[in-house]
């Protein structure tokens, strides 16, 4: 899903369907997370990145049954919203570095020595893991892990 030729966190999460006005800054995202992201964003994310619901639940460190319940309720909790946004930001950054969503997703699902043999996707369930993935993406972008 490209938005103006570029993959963004809000486009991965459903774009205008979920966000009538796309958050433009970190502070606007804070407000979105505090109020809870619509559970429609879960389905949009599943479509965007081609994961099963079980894989998404694992990447977010949210039980699959909880995700199913949130879909029925219509909105994610603050913590769940933050986790979903964190994943979307990592995927968007990888798409930027790898110049496309498909190569980014391939990299996210492949074990890499830069992350001690872990797949980047397996690390985004924590802030520290996501930071390590983002740091690795920055190094790749600058040719350190070419």
Discussion item. Looking only at segment 94-103, how many residues end up being part of a helix (DSSP H, G or I) and loosely packed, with under 13 Cβ neighbours inside 10 Å?
Written reply: 1
Practice prompt. Would you please list the contacts, defined by Cβ atoms under 7 Å and residues six or more apart or on different chains, that run from a residue in segment 50-64 that is on the phi > 0 side of the Ramachandran plot to a residue that is at pLDDT 90 or above?
Written response: 50/105; 61/83; 61/125
Worksheet entry | Residue selected from segment 14-36 under the condition in contact with a strand residue (DSSP E or B) (Cβ under 9 Å, 6 or more places away or on another chain) and surrounded by 13 or more Cβ atoms within 10 Å (Cβ to Cβ), by the criterion farthest from residue 96 (Cα to Cα) | 36
Fill in: Residues within segment 104-137 that are touching a residue at least 24 places away in the same chain (Cβ under 8 Å) and exposed (fewer than 14 other Cβ atoms within 10 Å of the Cβ), tallied
2
Item to complete: For segment 37-45, state whether one or more residues are in a helix (DSSP H, G or I), surrounded by 20 or more Cβ atoms within 10 Å (Cβ to Cβ), free of Cβ contacts under 8 Å to residues at least 40 places away in the same chain and more than 14 Å from the chain's Cα centre (by Cα).
Response: no
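The values are calculated or read from the model by the stated rules, or taken from the named source; none is laboratory data. What you see is a predicted model, and the numbers here were worked out from it, not measured in a lab. Ideal geometry is used to build each Cβ from the backbone, glycine not excepted, and the neighbour counts take in all protein chains shown.
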